[in-house]
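Each remark here refers to the structure printed beneath this line.
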Amino acid sequence: MNAYAKKLVIALLLLALILPTVAFAGGQAEGKKEGTIKYWHGYPEYDVVWKDIAAKDFMAKYPTVKVEVSSFPLRDFEKKLALALPAGSGPDLFFLSLPYLIKYIDAGLVDKSPAAVMSFVKKSFVPLWQVRATYKDAVWGIPYNGELKGAYWNVSMYQEAGLNRAPKNWAEMIDFAKKTTKYDASGNVVRSGVSLRLSGSGSGIAEKFWMWLMPAGGTIAEAGKQLGKYHAGYDNEAGRATLKLYIDLLYKHKVDSANIKHDSEAFALEQTAYFQREAWVIGYMKEHAPNVKYDTAPLPVEKRAGGMLESTNLNVSGKSTIKALAWEFALFLSEEKYLKEIIEKVGWLPCRTDVDYSDIYKKEPRFKSFMTIPEGYVGEPYPYITTSDEIYTKLADRLVPAYQDKSLLDNPAGIAKVIAEAAKQTNDILKEAGEYGE
Amino acid sequence: MERKLKYTKGPWETFKTAILHLILLMGTAVMLLPFAWMIFTSFKPSEEVLSWPPKLLPIRWTFVNYIGVFQRWPFARFFLNSLGLSALSTFSILLTSSLGGYVFSKHRFRGKELLFFLLLATVMVPFEVFMVPLYLSMSQLGMVDTYPGIVLPWLIMSFGIFFMRQNIAAIPDDLIDAGRIDGCSELGLFSNVVLPLSQSAISALGIFAFMDAWDAFIWPFIITSTTEKFVLEVGLAMFQHRFFVEYGSTTAGSTVAVLPMIIVFLLFRRNIIEGVTLTGLKA
Amino acid sequence: MSKKPINRARLQQLLFCLYVLLPILALYTYLRFIPIGRTLILSFQKWNLLSVSRPFIGLVNYVKIFQSPEFATALKNTAFFAVFTVPTTIAISLALAVALNSKRVGIVPFYQTIYFIPVVTSMVPVAVVWKWIYDPTYGLLNYLVSLFGMHPKAWLIDPKTALWAISIMSIWKVIGYYMVIFLVGIKNISPTYYEAAEIDGASGWQRFARITLPLLQPITLFVLVISSIRAFQVFTQVYVMTEGAQGAPGNEVRTFVYEIYENAFRFFKMGYASAEAVMLFLIVALFTLIQFKVVRDKS
């Protein structure tokens, strides 16, 4: 080895040995104090409130307590939680929706909420949100953020077509979409009247299908008579009508196409006049496309007013050694001050209903469509099963080729076949996991 | 006997070189496009990140993304963590691979082929699969959220042992045997004959080992919980939200992250190309 | 020739092997052999990562694998991917290495660095740019294709072309890597061979075919084996190109590791995913053994 290489090797070795020692030493100095709350969540954008404000306030209130807020990229957060919680190397408090908590409950890794938390949930949330923390007649965790699905419509494009409000039902939606679609010389769609979710991977496609399915009167996994047992809820008029809607929008009314951009990106680039999503798009538009004139509206009603409604909750780990303290911090985070900070700084909406949010509506009226639950609204939670991801993913795998199948146009038998086969697979998945029930 | 190699540059040769350059240059554009997009986007303000059709250059250059990246997370710390992990890993892999490669190519013992294949076979199982049992066993040993816990899986590399074995095999056996007959110790043979002749291979392996550790994501992610222990790739993933990616921040972070790898490459590239060859060594 | 000196030398060599291999094997055992062994055991169990109970279910997972259409798709796609990308990658990176094997200061290092850049560019900008290249409306590829009078296509969304599109991007990303490996191999070939050939009046192509190729055999075997193993394990490219609303259809382009990953970490079917991993291992091991035999026999 020549002199240069030798020196390099020694330098690398020294660097490699010194750094971890220094770092480790630094870690040691912090030490293990009594009452260190470890809070894990999968939304780094929340740290600006939870870590920088709430945790600091809590530590100021209780000087002998330390709060460590750790955020992780969401796509892998559940993986980390699933490995850490059973191994005992997990957090005291974590942020997760009830449907995903079920398997932890069944594995005995989470305890029922204490009395103080139970009464808080009963007092401060309407029943629709209470349900989202209730399982097997017990309360597990505090609903924190959740909102309705809503629609976004481009005001300038609508005005251009002589329209001044969002569609209220499917017939209007189709009509408005036809009026706001733009084509190029060869007849291809260059600006969609409505933006559908047609391709990609994972459960997103099924979830967007579900968003249209709900107002049509159906759902993907319908609750059976027994708790925790479900069956396919779309092998019916509603399911067929929804698939028919997609096919018609693509091939009969030609208001969307697989060849242009979709979803929030399309809306920001003004390549679509209308699409359905959650409230985070408001913050997204402010950042990336501040000059686009748009407004929000409730989802169009077809057979009923309805949509998915889910909350992400604060939960305490069953293996935590400081459960009472962790719950206290969870209640602390649920205070009005922090909920409002989150709306302003992060753009996610709170579930808590005994708070007056009118000052928020004054600042950003477009949030209203996502926060006001109309009378008779059917808000459906995600099912309490372990197989939901599999069901949605496999359904998505069937929907993608179906959307590209032109032969389904004006072909009720073809549509019925696709739906029936997909529903059978859904039921098979449920049966295999022992989660099937009429 | 010295004979200078005359490279006649007739018109045919020049033409061939010109064609070669043309092809290589066209390739250059394709090779650099994502890299160029990454750098230019890191200087764009958020309103410009989404544009259609995409514009390469920013209209308004800004450092806001870089400032943001270092302010929101302890990015400098992530950088140091990655540096430490990669340096230690590279050193360990170079050591184990060159010694292992030497053993497998210039020694005989029973079961050598089988053992080699076993080591190689470990590459055939995707890491994400066996990391679950590994995590559980490390958790039992209390190594979760510790620096040794992060670095341990990166101390060895079957690819490295295989690579060095193939390269050391190219060294003529006569040279090794001569050394042995002369009474040279194995370690002496290793440092005086094998290592100098393997400079190219070691440099290349150094680049690959460094890169592999630098790019590590899933293991550091699941083994660490305190933000201060994150490595660069984990830090960068924090800008990928549930429904969209913060392209400004991600590209700024990625640009910073790519610099050491390019430096390592440039440093070792010369050693690869200008490594010592057989004829330069006294027999 | 007395027995003693030979025995001592042999002993010294064997001891050296022992000293080197012992720590390496210790590391391998804890970090690889034991976890992989546990994975094998898991493949005969049913586990969702969380429950304490891991019931033994025998070969049920394996039976399900043979009945699964997703597994068949993954197998087909991975095989296609390997067969297409491996020879292409080897050919292009070898050509690059030969072309760029020169001490001429200034130009060649420039090219070597440029062609290595995709290797170090992180996946996020790579995915963004390639999704744009393949875009149906404003993509670069459709623009080029239209210059030749062909129809624009939705390269990434159309199931027929999606896998080709991802394969080409994968080749693009790795040729710099194998170029470096070949450069190392070429460097090891003594110039005396070339000098002799020059004297004999051999052409460039002959020099390549008769000297470079045969002497590169150990390196070529290496590149063949490693790139095949990596091709069978392709995951990140597929994962990022199917992400998001503009992504390729996940089911159509699924590969082996994508399938394993989905079952392990999306559906929490750890036992089933482990069984799939064992299948992947068997297939790759078989393939590698064949490669070793074939390339060895050729010499």
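From the list A:GLY376, A:GLY434, the lone residue that is in contact (Cβ under 8 Å) with a residue 24 or more places away in the chain and part of a loop (DSSP other than H, G, I, E, B) is A:GLY376. Looking at region A:205-310, the strands (runs of 3 or more DSSP E) lying wholly inside it that each contain 2 or more residues that are within 14 Å of chain C (Cβ to nearest Cβ) and either without any contact (Cβ under 8 Å) to a residue 24 or more places away in the chain or surrounded by 18 or more Cβ atoms within 10 Å (Cβ to Cβ) (or both) sit at A:274-277.
Within region C:105-124, residues that are within 7 Å of chain B (Cβ to nearest Cβ) sit with their Cβ atoms under 7 Å from residues that are part of a loop (DSSP other than H, G, I, E, B) and modelled with pLDDT under 90, at 6+ positions apart or across chains, in these pairs: C:TYR111/C:LEU100; C:GLN112/C:LEU100. Only one of the numbered conditions (1) closer than 30 Å to C:GLY201 by Cβ; (2) modelled with pLDDT of 85 or more is violated by B:THR62, and that is (1).
Only one of the listed residues (A:ILE391, A:ILE360, A:ILE415) is outside the structural domain of A:PRO290 (by TED's automatic domain parsing) and surrounded by 15 or more Cβ atoms within 10 Å (Cβ to Cβ). That residue is A:ILE360. When restricted to residues that are more than 24 Å from the chain's Cα centre (by Cα) and either part of a helix (DSSP H, G or I) or among the acidic types (Asp, Glu) (or both), region A:59-81 contains 4. Among the residues of region A:341-349, at least one is in a helix (DSSP H, G or I) and free of Cβ contacts under 8 Å to residues at least 24 places away in the same chain.
Going by the structure shown, is C:ALA91 outside any loop (DSSP other than H, G, I, E, B), free of Cβ contacts under 8 Å to residues at least 60 places away in the same chain and either buried (at least 21 other Cβ atoms within 10 Å of the Cβ) or more than 9 Å from every other protein chain (Cβ to nearest Cβ) (or both)? In short, yes. Taken as a whole, region A:35-44 holds at least one residue that is more than 19 Å from the chain's Cα centre (by Cα), closer than 23 Å to A:ASN315 by Cβ and at pLDDT below 95. For region B:134-148, a residue qualifies if it is aliphatic (A, V, I, L, M), facing chain A (nearest Cβ under 7 Å) and part of a helix (DSSP H, G or I), and exactly one does: B:LEU136.
Would you say B:TRP52 is among the hydrophobic types (A, V, I, L, M, F, W, C), surrounded by 10 or more Cβ atoms within 10 Å (Cβ to Cβ) and at pLDDT below 85? Here the answer is yes, as B:TRP52 does meet what is asked. Per the listing A:THR386, A:THR393, the residue uniquely of a type in the set (Val, Ile, Thr) and more than 27 Å from A:TYR39 (Cα to Cα) is A:THR393. Exactly one residue among B:SER200, B:SER249, B:SER254 is surrounded by 23 or more Cβ atoms within 10 Å (Cβ to Cβ), within 11 Å of chain C (Cβ to nearest Cβ) and under 28 Å from B:TYR135 (Cα atoms), and that residue is B:SER254.
A single entry from A:LYS112, A:LYS123, A:LYS56 fulfils the requirement of being in a loop (DSSP other than H, G, I, E, B) and over 26 Å from B:ILE222 (Cβ atoms): A:LYS112.
In this structure, C:ILE41 does not qualify as surrounded by 15 or more Cβ atoms within 10 Å (Cβ to Cβ), within 23 Å of C:GLN233 (Cα to Cα) and within 14 Å of chain B (Cβ to nearest Cβ).
Residues in region A:176-190 that are surrounded by 21 or more Cβ atoms within 10 Å (Cβ to Cβ) and either within 14 Å of another protein chain (Cβ to nearest Cβ) or at positive phi (or both): A:VAL189 alone. If the condition is being among the aromatic types (Phe, Trp, Tyr) and at pLDDT below 90, then region C:118-145 contributes C:TRP132, C:TYR138, C:TYR143.
Residue pairs whose Cβ atoms lie under 7 Å apart, separated by 6 or more positions or on different chains, with the first residue in region C:22-35 and within 13 Å of B:LEU115 (Cβ to Cβ) and the second in a helix (DSSP H, G or I) and hydrophobic (A, V, I, L, M, F, W, C), are C:TYR28/B:LEU119.
The residue of region C:129-153 that is nearest to the other protein chains (Cβ to nearest Cβ), among those that are within 24 Å of A:PRO401 (Cα to Cα) and in a helix (DSSP H, G or I), is C:TRP132.
Return only the number of the condition from (1) more than 30 Å from A:ALA84 (Cα to Cα); (2) under 17 Å from the mean Cα position of the chain (by Cα); (3) not charged (D, E, K, R) that B:MET157 does not satisfy. For B:MET157, the exception is condition (1).
The residues of region B:205-255 that are among the small types (Gly, Ala, Ser) and over 30 Å from A:HIS288 (Cα atoms), listed by number, are B:GLY206, B:ALA209, B:ALA213, B:ALA216, B:SER225. Looking at C:LEU156, C:LEU221, C:LEU183, C:LEU215, can you tell me which residue is in contact (Cβ under 8 Å) with a residue 60 or more places away in the chain, within 26 Å of B:LEU24 (Cβ to Cβ) and either in contact with a Phe, Trp or Tyr (Cβ under 6 Å, 6 or more places away or on another chain) or within 13 Å of chain B (Cβ to nearest Cβ) (or both)? Exactly one of C:LEU156, C:LEU221, C:LEU183, C:LEU215 is in contact (Cβ under 8 Å) with a residue 60 or more places away in the chain, within 26 Å of B:LEU24 (Cβ to Cβ) and either in contact with a Phe, Trp or Tyr (Cβ under 6 Å, 6 or more places away or on another chain) or within 13 Å of chain B (Cβ to nearest Cβ) (or both), namely C:LEU183. Answer yes if at least one residue in region A:154-175 is assigned to a strand (DSSP E or B) and either without any contact (Cβ under 8 Å) to a residue 40 or more places away in the chain or crowded, with 18+ Cβ neighbours inside 10 Å (or both), and no otherwise. Yes: region A:154-175 contains one or more residues that are assigned to a strand (DSSP E or B) and either without any contact (Cβ under 8 Å) to a residue 40 or more places away in the chain or crowded, with 18+ Cβ neighbours inside 10 Å (or both). Candidates B:VAL193, B:VAL129, B:VAL125, B:VAL144: the one that is over 19 Å from the mean Cα position of the chain (by Cα) and buried (at least 24 other Cβ atoms within 10 Å of the Cβ) is B:VAL129. The listed residues are C:VAL257, C:VAL278, C:VAL253, C:VAL240, and the only one of them that is surrounded by fewer than 22 Cβ atoms within 10 Å (Cβ to Cβ), assigned by TED's automatic domain parsing to the domain that holds C:PHE84 and within 30 Å of C:TRP132 (Cα to Cα) turns out to be C:VAL240.
Take the residues in region B:95-122 that are within 18 Å of C:GLY37 (Cα to Cα) and of a type in the set (A, V, I, L, M); name whichever of them is farthest from the chain's Cα centre (by Cα). Of everything passing the filter in region B:95-122, B:LEU114 is farthest from the chain's Cα centre (by Cα). When you check A:GLY141 against the structure, is it surrounded by 21 or more Cβ atoms within 10 Å (Cβ to Cβ), closer than 21 Å to A:VAL378 by Cα and not hydrophobic (A, V, I, L, M, F, W, C), yes or no? For A:GLY141, the condition - surrounded by 21 or more Cβ atoms within 10 Å (Cβ to Cβ), closer than 21 Å to A:VAL378 by Cα and not hydrophobic (A, V, I, L, M, F, W, C) - is not met.
The values are calculated or read from the model by the stated rules, or taken from the named source; none is laboratory data. Source: prediction; values computed, not measured. Cβ: placed from backbone, ideal geometry, glycine included. Neighbour counts: every protein chain shown.
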